[in-house]
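Asker: Here you go, one structure.
The values are calculated or read from the model by the stated rules, or taken from the named source; none is laboratory data. Note that this is a predicted model, so its numbers are computed, not measured. Don't worry about glycine lacking a Cβ; one is built from the backbone with ideal geometry, like all the others, and counts go over all protein chains shown. Only protein heavy atoms, including side chains, enter the accessible area calculation; ligands, DNA and RNA are left aside. Shrake-Rupley method; radii C 1.70, N 1.55, O 1.52, S 1.80 Å.
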Amino acid sequence: MQFQQLQYFVAVAETRHFTRAAELVHVAQPSLSQQIKTLERELGADLFLRARGNITLTDAGEALLPLARRILADADTARHEVQELVQLRSGRVRLGATPSLCTGLLPDVLRAFHDRYPGIQLLIEESGSHDLVRELARGALDLALIVLPLPPASPALTTVELLREDLVVVSSPEATVPGRGRGGVKIADLEGERLVMFRHGYDLRELTVAACRSAGFEPGFAVEGGEMDAVLGFVRAGLGVAVVPRMVAARSGRGLRVTPLARPGLHRTIALAHRSDVAPPRAARELQRMLLER
């Protein structure tokens, strides 16, 4: 009994038609019929009652059908499991993340993932959440670290909250701390300060500007349009102050003063997202697990 013969048998049993079954399994109809006859000889029993325009299962065929389906399903499972293991030895993971997360959260996790799965190529797309959501939707990314809430009219994504992070104020050590009050810097203390501001499309830009406007003033910019590294460099040079994630500030090294925001402060929620209609590949799911367990 051959695996291929069972495939042909199930196809005929489900279509009740030899020609349609041959089309389903992409084989010539005479070849399929010959394989079915060979299977019947090996089993010593007819599997089908063949009448003009009417194919039905015999008792032997009825008995074989659930067993054949189980064998085929087990073979598919075995093939899938092996492919899953192969995917952890080679292949790639396409991960999107905001620049601040590339600086703060990802380095340690990616190092651990690379140490465990050195054959997996890591492709990182660094952009704002809006752009990353679009890249997920068109299938260009397997996973993305984005800032919640999702943009309006977002595609169907599955999101898992990863962390809730405080934002802090960074300034040059020589500069005066805004407000100079106890308990941290209030958003209102930023009125009149020259801010070093991220480019349009940055979640941090939108969050900071919205907080200032809620406090009743329009923020003023000393310089704007930079990515994370540029913003930190401009602050070190004394051009102004910036509002950045705590993890980024902690990793920024010398040359910056870090001051917390007074309660209730500002926070952002980071989530891990993937398309709801497509399961990420095995390697991407393993990276997802490591991020959630970090």
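Asker: Name the most mobile residue of 82, 25, 168, meaning the one with the largest mean-square fluctuation, in a Gaussian network model of the chain with Cα contacts below 10 Å.
Answerer: Sorting by GNM fluctuation, first place goes to 25.
Asker: Nothing charged except the Cβ atoms of Lys and Arg (+1) and of Asp and Glu (-1): what's the magnitude of the dipole of segment 153-294 about its Cα centre? Round to the nearest 20 debye.
Answerer: Values: 20 positive and 16 negative charges, 84 e Å.
It comes to approximately 400 debye.
Asker: Where in the chain are the DSSP H helices whose alpha-carbon span along the long axis reaches 24 Å or more and whose Kyte-Doolittle mean is at least -1.0?
Answerer: Membrane-span-like by this criterion, though nothing is claimed about a membrane: 59-87.
Asker: Here is a follow-up. Just subtract the alpha-carbon distance of residue 29 and residue 54 from 0.36 nm times their residue separation and send over the number in nm, one decimal. Before the final figure, lay out the partial values.
Answerer: Numbers: separation 25, 0.36 × 25 = 9.00 nm, distance 1.64 nm.
Residue separation times 0.36 nm, minus the Cα-Cα distance, leaves 7.4 nm.
Asker: 5 Å is the cut-off here: which amide hydrogens, built 1.01 Å from N in the peptide plane, fall below it relative to residue 168, excluding neighbours closer than 5 in sequence?
Answerer: The list, which skips near neighbours in sequence, is 244, 246.
Asker: In addition: Let's see if you can work this out: charge +1 on each Lys and Arg Cβ, -1 on each Asp and Glu Cβ, no other charges. What is the dipole magnitude of the chain about its Cα centre, in debye to the nearest 20?
Answerer: Values: 36 positive and 34 negative charges, 73 e Å.
My answer is approximately 340 debye.
Asker: Another question, if that's okay. Modelling each spin label as a point 7 Å along the Cα-to-Cβ direction, I'd like the residue 80/residue 279 distance in nm, to one decimal.
Answerer: My value for the distance between the label points is 0.5 nm.
Asker: As a check on your grasp of the helix formula, calculate [θ] at 222 nm for the chain: sum -39500 (n - 2.57) over DSSP H runs of n ≥ 4, divide by the residue count, round to the nearest 500.
Answerer: Details: 11 runs with 128 residues, N = 294.
It comes out at -13500 deg cm²/dmol, rounded to the nearest 500.
Asker: Under a 5 Å amide H to amide H cut-off, with H placed in plane at 1.01 Å, what residues pair with residue 257 once short-range neighbours are removed?
Answerer: Amide H neighbours of residue 257: 171, 172.
Asker: Starting from segment 166-242, pick out the GluC sites (Glu not before Pro) whose DSSP state is loop and whose Cβ has at most 11 other Cβ atoms within 10 Å. Intermediate results must be reported in sequence, preceding the final value.
Answerer: Working: sites: 174, 191, 193, 206, 224, 227; in loops: 174, 191, 193, 227.
Answer by residue number: 174.
Asker: Over segment 101-217, what relative contact order in percent results from Cα pairs under 8 Å that are six or more residues apart? Walk me through the numbers before you get to the answer.
Answerer: Values: 50 pairs, mean separation 22.7, N = 117.
Contact order relative to length: 19 percent.
Asker: Put 212, 102 in order of accessible area, largest first, 1.4 Å probe: what do you get? Show your work: numbers first, answer last.
Answerer: On the way: 212 0, 102 30 Å².
Sorted descending by solvent-accessible area, the residues read 102, 212.
Asker: Any idea what the dipole of segment 135-228 comes to, in debye rounded to 20, about its Cα centre with Lys/Arg Cβ at +1 and Asp/Glu Cβ at -1?
Answerer: Numbers: 9 positive and 14 negative charges, 44 e Å.
Taking the Cα centre of segment 135-228 as origin, the dipole is about 220 debye.
Asker: Take the alpha carbon atoms of segment 168-222, find their center, do the same for segment 56-101, and report the distance between the two centers in whole angstrom.
Answerer: Segment 168-222 and segment 56-101 have Cα centres separated by 53 Å.
Asker: What are the residues whose amide H is under 5 Å from the amide H of residue 224, where those residues sit 5 or more places off or on another chain and H is modelled from the backbone?
Answerer: 197
Asker: Not counting ligands, DNA or RNA, and with a 1.4 Å probe, what is residue 199's accessible surface area in Å² rounded to the nearest 10?
Answerer: Spelled out: residue 199, probe radius 1.4 Å, area about 60 Å².
Asker: At 1.4 Å probe size, with the rest of the protein present, what percent of the exposed accessible area of the chain is carbon and sulfur atoms? Display every interim value, and only then the final one.
Answerer: Numbers: 7670 of 15380 Å².
Taking all protein chains in place, the chain shows 50 percent carbon and sulfur surface.
Asker: Oh, and also: How much of residue 172 can a 1.4 Å solvent probe reach, expressed as accessible area in Å² and rounded to 10?
Answerer: 10
Asker: Among the trypsin sites (Lys or Arg not before Pro) in segment 108-157, which ones are in a DSSP loop with at most 13 other Cβ atoms within 10 Å of the Cβ? Mind listing them? Walk me through the numbers before you get to the answer.
Answerer: Values: sites: 111, 116, 134, 138; in loops: 138.
Loop-located and lightly packed - 138.
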